1. Anything in the range 142-156 that is within 17 Å of F32 (Cα to Cα) and in contact (Cβ under 8 Å) with a residue 60 or more places away in the chain? List them, or say none.
2. For H48, state whether it is within 29 Å of G153 (Cβ to Cβ) and under 20 Å from the mean Cα position of the chain (by Cα).
3. Name the residues in the range 84-96 that are open to solvent by 80 Å² or more (accessible area, probe 1.4 Å) and either among the charged types (D, E, K, R) or within 17 Å of G49 (Cα to Cα) (or both), would you?
4. Which residues, counting only those in the range 186-204, are within 17 Å of N81 (Cβ to Cβ) and either out of contact with any Leu (no Cβ under 9 Å at 6 or more places or on another chain) or aromatic (F, W, Y) (or both)?
5. Mind telling me which of the residues R196, R186 ends up being among the charged types (D, E, K, R), assigned to a helix (DSSP H, G or I) and open to solvent by 50 Å² or more (accessible area, probe 1.4 Å)?
6. Within the range 29-83, how many residues turn out to be within 21 Å of E107 (Cα to Cα), hydroxyl-bearing (S, T, Y) and open to solvent by 60 Å² or more (accessible area, probe 1.4 Å)?
7. For the range 162-176, enumerate the residues that are assigned to a loop (DSSP other than H, G, I, E, B), more than 16 Å from R58 (Cβ to Cβ) and open to solvent by 40 Å² or more (accessible area, probe 1.4 Å).
8. Contact list please: Cβ distance under 6 Å, first residue in the range 120-140 and closer than 15 Å to W44 by Cβ, second residue of a type in the set (S, T, N, Q) and surrounded by fewer than 18 Cβ atoms within 10 Å (Cβ to Cβ), pairs at least six apart or on different chains.
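The values are calculated or read from the model by the stated rules, or taken from the named source; none is laboratory data. The shown structure was predicted, so the numbers you read here are calculated from the model rather than taken from an experiment. With ideal geometry, Cβ positions are generated from the backbone for all residues, glycine too; neighbour counts draw on all protein chains shown. Just so you know, the surface numbers come from the protein's heavy atoms only, side chains and all, with ligands and any DNA or RNA stripped out. Shrake-Rupley method; radii C 1.70, N 1.55, O 1.52, S 1.80 Å.
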Amino acid sequence: RNTYVEIDEILGWVMQELDDGTTLMVMSDHGFAPFRRQAHLNTWLEQHGYLVLKDPARRDSYKWLQGIDWSRTRAFAIGLNSLYLNVRGREQNGIVEPDKRAALAREIADKLLLWTDGPDGPQVVSQPLLREEIYHGVHVGNAPDILVGYARGYRSSWATTSGEIPNGLLIDNDAEWSGDHCMDARVVPGILLSNRPLGTDRPADLKDLPVSILARFGVAVPSQMRGHSVY
């Protein structure tokens with residue numbers, strides 16, 4: 001809370017120094033939401049037949065994707081929101097044919113939407129997106145196959161971030177780090193502040209920031225930019 005107070009004070013100092021011809025923009029790249037429950041994504045993949053362990057009895061000793069039977073594993077997770085398919089020719093021991101990759105990604109994404117915290121509990125994943133639904137251009141192939149957007153209150157477990165496959169699907173987050181933003185982007189919106197009236201009611205995002213700055217300076221927007229000016 002003190003940080004917000006201090007930043008607000010700094011922003012006030014800045015505004016006092018600006019003349020009428022100077023535009024001020026402040027944009028946060030994300031907000032925050034509660035992080036109450038940890039989701040073991042690799043365990044979910046295992047329970048749905050997409051990931052196979054060599055020896056399930058030793059799962060507690062496996063980290064960093066060790067102990068996985070790659071000859072029978074089609075998908076795995078590591079990091080905060082990244083889900084990868086074990087694609088032949090891309091991964092060292094890939095088994096998913098490249099022409100089957102997109103269909104498998106859609107199948108897994110659709111099933112993730114059905115993941116609930118208990119039989120009648122809330123949704124765990126609310127926005128699983130295929131990489132082609134987010135990115136464009138020549139480097140799309142470098143992105144994870146699926147970006148997993150967790151519902152408010154949920155996030156990938158710390159075990160998932162290090163490629164572990166624990167027992168169980170969900171556990172409470174009892175750590176001091178009780179808020180996060182690595183979730184469905186719609187539940188952690190950022191903030192845009194400006195000393196100029198905004199010319200649109202459409203919610204702004206990061207793609208709009210450079211375009212808006214160029215517009216204020218009267219500079220032509222390069223064709224590869226996808227944002228829109230907020231002014």
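1. In the first step, residues of the range 142-156 are kept if they are within 17 Å of F32 (Cα to Cα); the result is 148-156.
Within the range 142-156, V148, G149, Y150, R152, G153, Y154, R155, S156 qualify.
2. Values: within 29 Å of G153 (Cβ to Cβ): yes; under 20 Å from the mean Cα position of the chain (by Cα): no.
Here the answer is no, as H48 does not meet what is asked.
3. Of everything in the range 84-96, those that are open to solvent by 80 Å² or more (accessible area, probe 1.4 Å) and either among the charged types (D, E, K, R) or within 17 Å of G49 (Cα to Cα) (or both) turn out to be R88, R90.
4. Initial filter on the range 186-204 (within 17 Å of N81 (Cβ to Cβ)): 186-190.
R186, V187, V188, P189 - these are the residues of the range 186-204 that are within 17 Å of N81 (Cβ to Cβ) and either out of contact with any Leu (no Cβ under 9 Å at 6 or more places or on another chain) or aromatic (F, W, Y) (or both).
5. On the way: R196 fails: assigned to a helix (DSSP H, G or I).
Only one candidate passes the filter, namely R186.
6. Residues flagged as within 21 Å of E107 (Cα to Cα), hydroxyl-bearing (S, T, Y) and open to solvent by 60 Å² or more (accessible area, probe 1.4 Å) within the range 29-83 amount to 1.
7. Once the filter is applied, which keeps residues that are assigned to a loop (DSSP other than H, G, I, E, B), more than 16 Å from R58 (Cβ to Cβ) and open to solvent by 40 Å² or more (accessible area, probe 1.4 Å), the range 162-176 yields L169, D174, A175, E176.
8. Close Cβ pairs (under 6 Å, with a partner that is of a type in the set (S, T, N, Q) and surrounded by fewer than 18 Cβ atoms within 10 Å (Cβ to Cβ)) amount to Q123/T116.
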